[in-house]
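Heads up: the structure comes next, in structure tokens.
Just so it is clear, none of the values below were taken in a lab; they were calculated from the coordinates. All values reported here derive from a predicted model rather than from experimental measurement. Neighbour counts are summed over all protein chains in view; Cβ atoms, including those assigned to glycine, are modelled from backbone coordinates with ideal geometry.
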Amino acid sequence: MASTGATQPPHLLYVAWGFPPCRGSGVYRAWATANAFAEQGWKVTVLTVPRETFTLSTGVDESLERTVDPRIEIVRVPFQAAAFENDLRQWSRMRASSPELWNTLNARREQRSFPERTYGPWKPALENAALAVHARTPVDIVLGSGNPHVDFIPGHVLHAQHGVPYVMDYRDAWQLDVFSGARTHRASSPVARWERKLIENAHSVWFVNEAILRWHAGLYPEAAERFRVVANGYDAAPETEPRHKGEAPLTFGYVGTLTRAVPIAQLVEGWRLARERSATAASATMEIWGHLDHSGTPNETISRQLAGFPELGISYRGPVPKKEIGAVYARFDALLLALGTGKYVTSGKVFEYAATGLPIVSVHDPGNAASDVLRGYPAWHPVTALTPEAIAEALVQAADAASNQQPRDQDTARRWAQRFQRRKQLDPRIAELQEVVEMQRARS
């Protein structure tokens, strides 16, 4: 892309608490977005937290960090939060002896400057960092990736003090529980007031799916024309091919973070029933890859469930770095898309799944937004209900499909999924912002 203006490329200030080497699922959107702007010729400055925040808590993926475009300038803004303080020697006597009282008081302290638990205290440091970046090299656009929603603050402060336009990119919703569909904060709450003010002044607001956009359009109808769907998409199609030749057992695979919302119990029971009803399914195995919860500590409920896996041909293989994801997908004949229930739930993994061209079993409520993504996918096997019986039926169908899938069938499914390449989601939005910068500079 040609530089905007006489000599300088447009300058994007990108704000993402979770940026590589963070290993959280939301980091891929941040990583891909910053890289896409840099590849289009923008100067990109990222505000994020120190690496130690992740090395001492949630864990890191250094292979992903190595793929950040080297032209991107990363400014690591000091961040401290009690939730990430794992050294008990640093705890106060009150926190150790009266944790419930201490947590209540700490929650109030954390939300004094911004109404967000854990992340609210980061607001002053973010403001100062944004103003310092702008003073050194004027910023043309600010793009904040929430959550946490304090990531929207640099856009707010640069707009208020210098008229810089900003974009709010919602990886998740702030006032919407995407599982229950309920509003989580009263209209008079500090969160509601902050969100209303931020959206009112935003140049545009991005959402990951149409369902979440529509919910927010109902809440903020006067701003709806500035709302955009920017789906997650996939970064590169995994190299897979039909492996089954009629002799070897099938391998079903799950790749993703296992949280309490994922219906593992229903999936395992449906798997047991499928193995009883189908010879093809009976010889199949299931591999589960990913972290056990978003935090650095494994989910205890899921950890207990793992104990009964071997007798059903299920194995937990642990997390997989980004650079090795293709090799993991190459192990599978079919994929398991197990998601929490909620009509606003999509998951970034659904796009990568579709890019493989392999049969996909949707183990989630049929009303999930992920169904809207996969509707029409040639190798889709959705459950009719989130029950063991319905899951077993879908698994048997997928086992038969995987046994008979030919290379041409997989190619057809891959071509269908090409619409979800992440750059096809980002490039139109980058072009829009390019025009904004050009118009601003023409007026100055």
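With springs connecting C-alpha atoms under 10 Å apart, model the chain as a Gaussian network and identify which of 26, 326, 146 has the largest mean-square fluctuation. The residue with the greatest mean-square fluctuation here is 326.
For 23, 117, which order do you get if you count the other beta carbons within 10 Å of each Cβ and list the fewest first? Intermediate results must be reported in sequence, preceding the final value.
Values: 23 23, 117 14.
By the 10 Å Cβ count, ascending: 117, 23.
Each peptide in 42-52, 352-362 receives the mean, over its residues, of other Cβ atoms within 10 Å, and ordering these scores from highest gives 352-362, 42-52. For region 14-143, averaging the sequence separation of C-alpha pairs within contact (under 8 Å, six or more residues apart) and dividing by the residue count gives a relative contact order of 23 percent.
In terms of packing, defined here as the mean over residues of other Cβ atoms within 10 angstrom, the peptides 193-202, 250-259 line up highest first as 250-259, 193-202. Extension gain for residue 132 to residue 330 (0.36 nm times residue separation, less C-alpha to C-alpha distance): 66.6 nm. Considering helices alone, the calculated mean residue ellipticity of the chain at 222 nm is -11500 deg cm²/dmol, with DSSP H runs of length four and up weighted by -39500 (n - 2.57) and normalised per residue.
So between residue 423 and residue 406, what do we pick up on full extension, going 0.36 nm a residue minus the alpha carbon distance? Please report the intermediate quantities before stating the final value.
Details: separation 17, 0.36 × 17 = 6.12 nm, distance 2.85 nm.
The residue 423-residue 406 span can extend by a further 3.3 nm.
Please list, in order, the residues from region 205-233 whose amide nitrogen is less than 20 Å from a point placed 7 Å along the Cα→Cβ vector of residue 69. From region 205-233, the list is 206, 230-233.
Rounded to the nearest 0.05, what FRET efficiency is calculated for residue 260 and residue 161 with R0 set to 45 Å and r the Cβ-Cβ distance?
That gives a FRET efficiency of 0.60.
How high is the FRET efficiency from residue 8 to residue 113, r the C-beta distance, R0 30 Å, rounded to 0.05?
Working: r = 33 Å, r/R0 = 1.11.
It comes to 0.35.
Compute, for region 378-444, the length of the dipole vector about the Cα centre, with Cβ point charges of +1 (Lys, Arg) and -1 (Asp, Glu) only. Units Debye, rounded to 20.
Working: 10 positive and 9 negative charges, 107 e Å.
For region 378-444, the charge dipole is close to 520 debye.
Counting only Cβ charges, +1 for Lys and Arg and -1 for Asp and Glu, the dipole size of the chain around its Cα centre is about 860 debye. Seen from every direction in turn and averaged, the convex hull around the alpha carbons of the chain projects onto 22.5 nm². Approximating the spin labels as points 7 Å out from Cα along Cα→Cβ, the residue 387-to-residue 309 distance works out to 2.8 nm. Placing +1 on each Lys and Arg Cβ and -1 on each Asp and Glu Cβ, with no other charges, gives region 251-420 a dipole about its Cα centre of roughly 440 debye. Antiparallel beta bridges, as assigned by DSSP with both residues in the chain, represent about 5 percent of the total such bridges. The relative contact order of the chain comes to 15 percent, based on Cα pairs under 8 Å that sit 6 or more residues apart.
Between residue 76 and residue 438, the distance separating the two model label sites (each 7 Å from Cα on the Cα→Cβ line) works out to 3.8 nm. Spatially close Lys pairs in the chain, defined by Cα atoms under 23 Å apart and a spacing of eight or more places or different chains, total 7. Placing unit charges on the Cβ atoms of the charged side chains and taking the dipole of the chain about its Cα centre, the candidate lying farthest along the positive direction among 58, 41, 98 is 98. Between the residues 271, 204, 257, the greatest Cα displacement towards the positive end of the dipole of region 175-292, with unit charges on the Cβ of Lys, Arg, Asp and Glu, is found for 204. From least to most packed, judged by other beta carbons within 10 angstrom and beginning with the fewest, 323, 349 follow the order 323, 349. Would you mind classifying region 251-420 by shape? Square roots of the alpha carbon gyration tensor eigenvalues, ordered a ≥ b ≥ c; an a/c under 1.5 is rounded, otherwise it is prolate if a/b is larger than b/c and oblate if not. It is rounded, given that a/c, with a ≥ b ≥ c, falls under 1.5. With both labels modelled 7 Å from their Cα along Cα-to-Cβ, the residue 228 to residue 96 distance reads 5.2 nm.
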